[in-house]
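S.K.: Below: one structure in structure tokens.
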Amino acid sequence: MKKPPYPEYPKIASEEILFRKIKLEELSELLIISFYDGKQAKNETEAAAMLHRIENDCLNGENIHWGLPLRKISG
């Protein structure tokens, strides 16, 4: 079994951008862009299954997927 590449799901952040783990409660907003292995999720149940596979991929050290939430930029 491969070891995960990170001890916890990594987050990359600056003042302007944030890469972080996708949350289950965000799936309804992300359904239109939920894909895994080139297949689009048809509903939230399929999207949740895809998210579970994505989390397992990270735990198995295979790859990682990040969400990019919108951030307000001051100035």
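The values are calculated or read from the model by the stated rules, or taken from the named source; none is laboratory data. The model shown is predicted, which means the values in this text are computed figures rather than measured ones. Positions of Cβ are generated from backbone atoms using ideal geometry, with glycine treated the same way; all protein chains shown enter the neighbour counts.
S.K.: So, in segment 13-39, of the ones that are out of contact with any Lys or Arg (no Cβ under 7 Å at 6 or more places or on another chain), surrounded by fewer than 10 Cβ atoms within 10 Å (Cβ to Cβ) and more than 18 Å from residue 51 (Cα to Cα), which residue ends up modelled with the highest pLDDT?
M.R.: Here the residue is 14.
S.K.: So, one more: Look through 31, 70 and report the one residue that is outside any loop (DSSP other than H, G, I, E, B) and not β-branched (Val, Ile, Thr).
M.R.: Numbers: 70 fails: outside any loop (DSSP other than H, G, I, E, B).
Only one candidate qualifies: 31.
S.K.: Surrounded by 12 or more Cβ atoms within 10 Å (Cβ to Cβ) and either without any contact (Cβ under 8 Å) to a residue 40 or more places away in the chain or among the acidic types (Asp, Glu) (or both), is that true of residue 9?
M.R.: No, not satisfied.
S.K.: Among the charged types (D, E, K, R), at pLDDT 90 or above, touching a Leu at 6+ places or on another chain (Cβ under 6 Å) and not in a loop (DSSP other than H, G, I, E, B) - does that describe any residue in segment 42-50? Before the answer, list the steps.
M.R.: We begin by selecting, within segment 42-50, every residue among the charged types (D, E, K, R); these are 42, 44, 46.
From what's left, at pLDDT 90 or above: 42, 44, 46.
Now restrict to residues that are touching a Leu at 6+ places or on another chain (Cβ under 6 Å): 44.
This time we only want the ones that are not in a loop (DSSP other than H, G, I, E, B), so: 44.
Within segment 42-50, one or more residues are among the charged types (D, E, K, R), at pLDDT 90 or above, touching a Leu at 6+ places or on another chain (Cβ under 6 Å) and not in a loop (DSSP other than H, G, I, E, B).
S.K.: Count, please, the residues in segment 16-75 that happen to be in contact (Cβ under 8 Å) with a residue 12 or more places away in the chain and among the basic types (Lys, Arg).
M.R.: The qualifying residues number 5.
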